[in-house]
Amino acid sequence: MTGGEVGTGEAIVFWVSGTLAVIGALGMVISRKAVHSALFIALTMINLAILYVANAAPFLGMVQIIVYTGAVMMLFLFVLMVVGVDSSDSLIETIKGQRVAALLLGIGFSILLIAGLGNGLMETSSVGLDAANSAQGGNVEGLAALIFSDFVIAFQVTAALLITAAMGAMILTHRERWLPKKTQRELSQERFASGQHPGQLPPPGVYARSNAVDTPALLPDGSTSDVSVPEPLRARADVREVNEADLEDIRQIAAGESVVDSGFEDADEGSEGEQR
Amino acid sequence: MTQIIPAEGIFALLWVLIALPAVGAVILLFGGRRTNSWGPYLAVLTVVGSAVIGVLMLLALMDQPAEQRTVVQNVYDWVFVGSFQASFALQLDQLSMVFVLLITIVGALIHIYSLGYMAHDPDRRKFFGYLNLFVAAMLILVLANNYLLLYVGWEGVGLASYLLIGFWQRKPSAAAAAKKAFIINRVGDVGLSLAIMLIFITFGSITFQDVFGQASEASEGTLTAIGLLLLLAAAGKSAQFPLQAWLLDAMEGPTPVSALIHAATMVTAGVYLIVRSNAIYNAAIWAATAVVVVGLITIFMGAIIGSAKDDIKKSLAGSTMSQIGYMVFAAGLGPIGYIFAIFHLLTHGVYKAGLFLGAGSVMHGMNDTVNMRRYGALKGLMVITFITFMAGYLAIIGIPPFAGFWSKDEIIHAAFERNWIIGAATILAAGITGFYMTRMVAMTFFGKARWEDDAHPHESPPVMTIPLIILAIGSTFLGMALLFWGNIETWLEPVTGYESVPTPLPTAFYIAVTLVVVVIGAVIGWVMYARKEVPIEAPRGNVLTRAARQDLYGDAVNNVLVVQPTYRTAEALTTFDTKAVDGFVGGVTSFVGDLAVRLRRSQTGFVRSYALSMVGGVFIIVLALILVRLS
Amino acid sequence: MNPANYVLLSALLFSIGAIGVLVRRNAIIVFMSVELMLNAANLAFVSFARMNGNLDGQVVAFFVMVVAAAEVVVGLAIIVTIFRTRRSASIDEPNLLKY
């Protein structure tokens, strides 16, 4: 597994994981929805982790899964949730020629790189990491020995970088409160001082019908209250009329008399919202 | 051989000679209105002080043996750059001495005269400041011991001349005359600066001592070039042909200025320069010949112009040109003429100053009228002015025993020692001198009164007449004094050299012929302008008269030869500048501007466009790398 | 098979990531594409480490991951901030810095 040459098992792993990684990458670029893109790139990263392990880098493979798939991708998803999960891009390109040029350049670039690298690397032989890993007793030990000796300054600097990045993120997303938070008493006083109706508005009149929100409530004197109907309906003049016949029925019901169900049909003529 | 003696005793005060008027000029020009009341008197005192020191130095110098009369005082080290060394060093020798006396004594008299003449001018203080500045600069000029310091004085007197010609700058004609004098003088100054450079290149030094010591070692071609450049400088400063045009216009300045600067001292600086550089001209015969030719042409130009002008000051200015022409002519004759050039310069300085001051006195009494056709019959009203003017008149036309006779006679004699043709020419010019001076005297003092209606002729105050009297005495006796008592020939001989060539005919013959010609000229003048009525409106006159009234077309020639070509060149250069140079520069800028406007469109603000160009760049780099590695 | 195939795969993934950056407008997906490019580079590092028998490549890949994590944190914070003010995560919207 860690030798210089690629065995048959590793070749199978390479072709399967490599194909999946490319599919994930392409899917990430092509998906309309950002969530799909995030899932596709997670696929790519997991497959890359497998390839790392296959490539004699088990430590990096683990780090890849923990840091990328575990932390970074979750951060991406979290931000997606904040920004809006279903904000899908329109696929119409606004910059003239950008898409064609990008595709041409990207494909040309990949051909160039693959041709050049393939031409240069195919003849080389691979050394393998067995000797390097066994020098310190294993891959993780070998990496640790390097990080804490030759690369110790870079390690310290990256530590500082991480702390700075965390600070930066906090500062960037922090919103300063300019005024002190209002207490409940102040809110209440504000409400009464404004001179508007301080309490709840009356609920609409409720009848056992499909949508009764457009029916105004009856006041004790028999008249109707406009404010009991939601404002958009009022604006659209979708308030249902209450006809006198119905009021009469109600009074009879309240008086314990039986009523012939006849007048409701007439009232339906006045409203269109119900007939949908 | 001359020996240099250190500046001790009275000679230690050499720098004070210059410092006195210089300090006076600084106080007057920077002191402001506070000095208005006493400033002019301070100016007079400084020049009188310099004159007293000058006289004391003359006495001290006469006590020295003849070959020990050169004093050098190094005031301070001025320009020391590599091998170029010029000290602010003053040199007093016999030649400088006579100039110092001329400048300070005549200068003092004219300062005193100006107290009266400028009494009512609101800018009196400024006038005296400029006069002091002029005296200081002129003293630097004649006391310098090297060409660079001489150049400083040369420019200083040019500046003072400019300021004083344009003293009444509210008059456009005065301002224009000042500019004209300044610009024409610049032409000469270019000659002087080129001459100094050439002298330094040739001799490696610019002190008189070194240059004259090695003069015979340089090639004749170089010396001729230096001589011609110095002649150009002298022509500019001394108003000699072909740079003569400024002197007549310079008469726009106040009359004392005309007397001091444009008759007695500054305009003779060219003669001083040539005589001082005698070692160069002695070795460059062609340069000397050019000097003679220039002098001779100017003698006649000046005389002809002087005969035709009705403006008394311009007529005198023409006469000055002519007389300086005599000096330059004499200086060009070589060792036989140097001494007489200086001799004539001294006598001319005195009598011409007297004549100008006399003219100023006449103008003073005639409401500043300068037109001689509006004078006449003034001899009874301005007795002192008339008598002193007559002394100057007799001196300039060369009637013995007046000063001009002795000096002019020596020049004519020296001319005959060289060549009888130029001798005859000088005699003829002397006759013309007799004509135009007689014309001037006749029109001014004799004949009938042709005054303007509001003219009330009167004699000038004593502060003006006393200098006139002193100068008249000088005009009368200075020639004899210098020749017989002062022994000017032996006095100047150590500096200028002297030789005498025998002439075919006895000296008395030339004197007699000269006198006869002069008297003939004078009689013609008398007959034409005293016996006949002088018309108030000038008659049309013959061709020569009309030409002379136009300064012999000097301005027209300058206009055609210099001014118009310069204008056209300037216009052509302006066209070239606006069309070609500006067009090119503007084309470059508009090209860059247009390019920038187009390139600006690539800054779309879209991050993805920028990323696209980045990827494109990477693509090109990778392509190049692969191509390089694979090839 | 030769381990160089891993490098070719990495080149392919890198190019796809680059196209994603150029083509997509949603800032979060652009970010994902950048991450993909970083991962492709990591794969190349790991492969080269194996081919050369030297662990330095793996160490560098490790540092790349750390830096990428820091970059994601800050980058996402910026996206959130922009979203708050503009109610949009399109990277074509903030285009005021132009001619």
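Some observations on this one:
- The helices (runs of 4 or more DSSP H) found entirely in region B:451-552 that carry 1 or more residues being under 26 Å from the mean Cα position of the chain (by Cα) are B:462-480, B:488-496, B:543-549.
- Flag for A:VAL100 being farther than 30 Å from C:ASN2 by Cα and facing another protein chain (nearest Cβ under 7 Å): no
- Odd one out for B:GLY486, checked against (1) touching a helix residue (DSSP H, G or I) at 6+ places or on another chain (Cβ under 8 Å); (2) surrounded by 15 or more Cβ atoms within 10 Å (Cβ to Cβ): (1)
- Residue within region A:202-220 that is crowded, with 16+ Cβ neighbours inside 10 Å, in contact (Cβ under 8 Å) with a residue 12 or more places away in the chain and out of contact with any helix residue (DSSP H, G or I) (no Cβ under 8 Å at 6 or more places or on another chain) present: yes
- Given (1) closer than 19 Å to B:PHE167 by Cα; (2) at pLDDT below 90, index of the condition B:LEU131 fails: (2)
- The residue of region B:401-424 that is surrounded by the most Cβ atoms within 10 Å (Cβ to Cβ), among those that are touching a residue at least 24 places away in the same chain (Cβ under 8 Å) and part of a loop (DSSP other than H, G, I, E, B), is B:PHE402.
- All of (1) within 38 Å of the chain's Cα centre (by Cα); (2) at the interface with chain C (Cβ under 9 Å from one of its Cβ atoms) hold for A:VAL140 with one exception: (2).
- Positions within region B:412-450 being of a type outside the set (Val, Ile, Thr), under 23 Å from B:ILE304 (Cβ atoms) and under 25 Å from the mean Cα position of the chain (by Cα), in sequence order: B:ALA415, B:ALA425, B:ALA429, B:ALA430, B:GLY434, B:TYR436, B:MET437, B:MET440
- Those residues of region B:58-110 which are assigned to a helix (DSSP H, G or I) and among the small types (Gly, Ala, Ser), in sequence order: B:ALA60, B:ALA66, B:SER96, B:GLY107, B:ALA108
- Only a single item in (1) in contact with a Lys or Arg (Cβ under 9 Å, 6 or more places away or on another chain); (2) assigned to a loop (DSSP other than H, G, I, E, B); (3) modelled with pLDDT of 80 or more is not met by A:ASP89, and it is number (3).
- Per this entry, C:MET37 is not counted among residues that are under 12 Å from the mean Cα position of the chain (by Cα) and at the interface with chain A (Cβ under 7 Å from one of its Cβ atoms).
- Restricting attention to region B:20-74, the residues that are surrounded by fewer than 20 Cβ atoms within 10 Å (Cβ to Cβ), under 25 Å from the mean Cα position of the chain (by Cα) and farther than 17 Å from B:VAL106 by Cα add up to 3.
- Residue in region A:45-60 that is more than 7 Å from chain C (Cβ to nearest Cβ) and not in a helix (DSSP H, G or I) present: no
- Considering residues of region C:18-32 that are facing chain A (nearest Cβ under 7 Å) and assigned to a helix (DSSP H, G or I) only, the residue farthest from the chain's Cα centre (by Cα): C:VAL23
- Taking every residue in region B:50-74 that is more than 20 Å from B:ILE18 (Cα to Cα) and pairing it with any residue that is modelled with pLDDT under 85 and part of a helix (DSSP H, G or I), at least 6 positions away or on another chain, the pairs with Cβ-Cβ distances below 9 Å are B:MET62/B:TRP491; B:ALA66/B:THR490; B:ALA66/B:TRP491; B:ALA66/B:GLU493; B:ALA66/B:PRO494; B:GLU67/B:PRO494.
- The criterion of being modelled with pLDDT of 85 or more, touching a helix residue (DSSP H, G or I) at 6+ places or on another chain (Cβ under 7 Å) and exposed (fewer than 15 other Cβ atoms within 10 Å of the Cβ) holds for B:ILE520.
- Condition check for C:LEU55: surrounded by 23 or more Cβ atoms within 10 Å (Cβ to Cβ), farther than 25 Å from A:MET81 by Cα, away from chain B (no Cβ under 14 Å) and without any contact (Cβ under 8 Å) to a residue 40 or more places away in the chain: yes
- A:VAL82 fulfils the conditions (1) under 20 Å from C:PHE62 (Cα atoms); (2) within 7 Å of chain C (Cβ to nearest Cβ); (3) assigned to a helix (DSSP H, G or I) except for a single criterion, (1).
The values are calculated or read from the model by the stated rules, or taken from the named source; none is laboratory data. Please read these numbers as outputs of a predicted model, since none were measured by experiment. In this analysis, Cβ positions are derived from the backbone assuming ideal geometry, glycine residues included, and neighbour counts consider all displayed protein chains.
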